[in-house]
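Colleague: I'd like to ask some things about the structure below.
The values are calculated or read from the model by the stated rules, or taken from the named source; none is laboratory data. Note that this is a predicted model, so its numbers are computed, not measured. Cβ placement follows ideal geometry from the backbone for every residue including glycine, while neighbour counts extend to all protein chains displayed.
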Ligand code: DQQ
């Protein structure tokens with residue numbers, strides 16, 4: 001039975017959570033999220049403004065969501081848990097909501113899996129992971145906020161392993177399995193990773209933390225997955241990076257796209273360590289070597305281990321989590337894309353936060369970075385297709401891609417570059433891609449570029465979100481900048497966060513081509529440059545370019561003509577989203 005789109009059982013759980021939270025309304029839990037006590041428990045009567053809701057990016061019917069938690073593949077079903085406020089459209093009252101899917105594109109909502117109910121999580125059920133133990137037994141590790149407002153680590157197990165949806169989870173009474181010890185910061189100790197198994201018979205997990213401003217991943221070991229002991233040294237740490245939220249640690253193969261189970265060690269692999277930096281609200285990752293005997297991770301000297309390191313995504317993307325999909329032998333990455341509007345906007349529209357499209361991740365053949373690509377299942381939503389090939393785009397031109405629903409689309413384009421001799425000179429002081437994009441934008445004329453797509457554009461370009469490249473000439477190489485610039489995305493100016501997100505693209509231009517794919521979905525533009533070398537997600541709120549009034553163009557503002565070798569664009573059908 002459903003009441004207002006929610007199942008009756010869900011409503012009962014909500015009531016329970018609501019009443020629990022009423023008793024803890026005065027408790028101030030130190031969170032990395034902005035806290036708006038006045039909005040925290042204001043349920044929207046109805047979701048007011050629908051123009052910016054997504055058609056195929058995951059979101060629940062209403063309210064706030066943040067981090068994806070414990071995604072996993074179990075007996076043919078994908079599970080996504082996520083941080084959710086059942087009572088309002090800003091962060092607060094956090095539970096683990098739960099959705100299931102057979103393709104990670106269409107989702108069915110279940111009752112929350114974990115919600116505050118025990119002394120060890122009564123003030124919050126924060127982020128964590130799942131691990132599938134031998135004999136196909138999943139376990140959740142998560143952070144609870146206990147009666148003393150400490151961050152502690154807990155585990156939960158399915159109440160009934162034969163329920164294909166694993167609807168109910170039990171939190172055994174021997175929780176918590178780890179509490180902040182002597183000299184540890186009880187407000188900076190959270191987000192346990194998927195555990196991996198070592199040949200010495202111990203499981204390992206890491207928990208994000210910091211000591212002063214040194215970010216670190218505390219390592220815990222266990223033989224039985226119940227009793228855990230902290231190792232003397234962290235798996236890894238890095239100076240001046242602040243609190244490490246949502247760490248993720250996994251192996252990747254030297255060869256091809258096949259994913260590896262989190263416990264794989266040995267030859268012909270590297271390990272990846274990703275952290276979400278609370279100080280910057282960006283993530284970075286390093287590629288390196290894991291030494292199982294010493295339990296140490298050492299980043300390669302090609303990976304910057306700090307704020308300016310490689311990112312999964314140079315845009316609005318945070319608290320990501322990967323998992324090994326044993327069904328299709330691939331590693332999948334899920335990430336949260338926060339709103340870029342105001343808390344008041346979120347309260348008024350009744351919802352906030354979406355999950356990006358699940359991405360497959362694998363090691364680039366240069367072994368220095370990852371590649372990412374939307375899972376192939378997304379293509380089942382592709383509807384009407386239009387194509388352009390061998391079309392020149394001259395200086396100052398913009399060419400409309402007509403015949404698709406430009407507000408809900410998937411577009412893939414490959415540009416043929418002209419002779420690169422006339423590319424702009426690169427100034428070595430331009431170290432920050434976002435600043436450079438801010439400086440140059442999509443309009444300032446260059447030599448080779450800016451060229452790319454104008455997404456979510458109004459007919460006469462009053463508003464648009466350009467996603468584009470600029471190629472520069474540096475001694476002995478070319479530098480490629482990719483931007484997703486939200487500064488002209490909306491006529492609405494008050495309070496929106498409209499950065500000129502950007503990243504450099506480490507790509508060989510010998511074949512004279514640059515490709516771009518953008519997933520456009522009403523208030524999100526999720527883009528993949530050069531086959532997934534550089535990804536950028538923007539959240540935007542057009543006022544004119546909505547529904548059928550949205551347009552898509554290819555453009556070029558460089559002096560040199562570029563050619564669209566091929567452009568394929570599809571109207572996207574809506575997914576079944578909860
Ligand atoms: N969100 C969770 C924390 C995590 C943060 C709380 C990252 O566990 O550190 O909702 O967005």
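Colleague: Residue check, residue 2 against (1) under 18 Å from the mean Cα position of the chain (by Cα); (2) at pLDDT below 60, all met but one. Which one?
Modeller: (1)
Colleague: Name the residue that is nearest to residue 165 (Cα to Cα), counting only residues in segment 95-118 that are part of a loop (DSSP other than H, G, I, E, B) and under 22 Å from the mean Cα position of the chain (by Cα).
Modeller: 102
Colleague: Among the candidates 490, 484, single out the residue that is in a strand (DSSP E or B) and either within 26 Å of the chain's Cα centre (by Cα) or not assigned by TED's automatic domain parsing to the domain that holds residue 431 (or both).
Modeller: That would be 484, the only listed residue that is in a strand (DSSP E or B) and either within 26 Å of the chain's Cα centre (by Cα) or not assigned by TED's automatic domain parsing to the domain that holds residue 431 (or both).
Colleague: Within the group 554, 545, which residue is crowded, with 21+ Cβ neighbours inside 10 Å, assigned by TED's automatic domain parsing to the domain that holds residue 495, under 28 Å from the mean Cα position of the chain (by Cα) and over 22 Å from residue 448 (Cβ atoms)?
Modeller: None of the others qualify; the one that does is 545.
Colleague: Here's something else I'd like to know. Out of segment 286-326, which residues are within 16 Å of the ligand (Cβ to nearest atom) and in a strand (DSSP E or B)?
Modeller: 318, 319, 320, 321, 322 - these are the residues of segment 286-326 that are within 16 Å of the ligand (Cβ to nearest atom) and in a strand (DSSP E or B).
Colleague: Those residues that are surrounded by 19 or more Cβ atoms within 10 Å (Cβ to Cβ) and more than 18 Å from the chain's Cα centre (by Cα), I need them from segment 244-269; list them, please.
Modeller: 251, 252, 259, 260, 262
Colleague: Out of segment 150-173, which residues are in contact with a strand residue (DSSP E or B) (Cβ under 9 Å, 6 or more places away or on another chain) and part of a loop (DSSP other than H, G, I, E, B)? Don't jump to the end; show me each part of the working.
Modeller: If we filter segment 150-173 for residues that are in contact with a strand residue (DSSP E or B) (Cβ under 9 Å, 6 or more places away or on another chain), which is where we start, we get 150-159, 161, 164-172.
Matches in segment 150-173: 150, 159, 161, 164, 165, 166, 167, 168, 171, 172.
Colleague: Next up: On the given criteria, is residue 403 assigned by TED's automatic domain parsing to the domain that holds residue 531 and on the phi > 0 side of the Ramachandran plot?
Modeller: Numbers: assigned by TED's automatic domain parsing to the domain that holds residue 531: yes; on the phi > 0 side of the Ramachandran plot: yes.
Considered against the rule, which asks whether it is assigned by TED's automatic domain parsing to the domain that holds residue 531 and on the phi > 0 side of the Ramachandran plot, residue 403 comes out as yes.
Colleague: So is residue 147 part of a loop (DSSP other than H, G, I, E, B) and either within 16 Å of the ligand (Cβ to nearest atom) or modelled with pLDDT of 95 or more (or both) or not?
Modeller: yes
Colleague: Given the criterion in a strand (DSSP E or B) and surrounded by 15 or more Cβ atoms within 10 Å (Cβ to Cβ), identify the matching residue among 438, 449, 383.
Modeller: Result: 449 is the single residue among 438, 449, 383 that is in a strand (DSSP E or B) and surrounded by 15 or more Cβ atoms within 10 Å (Cβ to Cβ).
Colleague: Go through segment 193-207 and count every residue that is surrounded by 18 or more Cβ atoms within 10 Å (Cβ to Cβ) and part of a loop (DSSP other than H, G, I, E, B). Let's see the steps before the verdict.
Modeller: Of the residues in segment 193-207, the ones surrounded by 18 or more Cβ atoms within 10 Å (Cβ to Cβ) are 193-197, 202-207.
Checking the rest, the ones that are also part of a loop (DSSP other than H, G, I, E, B) come to 193-195, 202.
Going through segment 193-207 one residue at a time, the tally reaches 4.
Colleague: Please list, ordered by residue number, the strands (runs of 3 or more DSSP E) wholly in segment 494-578 having 3 or more residues that are in contact with a helix residue (DSSP H, G or I) (Cβ under 6 Å, 6 or more places away or on another chain). Lay out the reasoning, then the answer.
Modeller: Numbers: elements: 500-505, 513-521, 524-529, 534-539, 551-556, 562-572.
In segment 494-578, 500-505 are the strands (runs of 3 or more DSSP E) which contain 3 or more residues that are in contact with a helix residue (DSSP H, G or I) (Cβ under 6 Å, 6 or more places away or on another chain).
Colleague: Another question, then. Give segment 208-224 a look and list any residue that's closer than 15 Å to residue 306 by Cβ and not in a strand (DSSP E or B), or say none.
Modeller: The one that is closer than 15 Å to residue 306 by Cβ and not in a strand (DSSP E or B): 213.
Colleague: Considering only residues that are modelled with pLDDT under 95 and at negative phi, look in segment 475-495 and name the one that is surrounded by the most Cβ atoms within 10 Å (Cβ to Cβ).
Modeller: For segment 475-495, the residue satisfying everything is 492.
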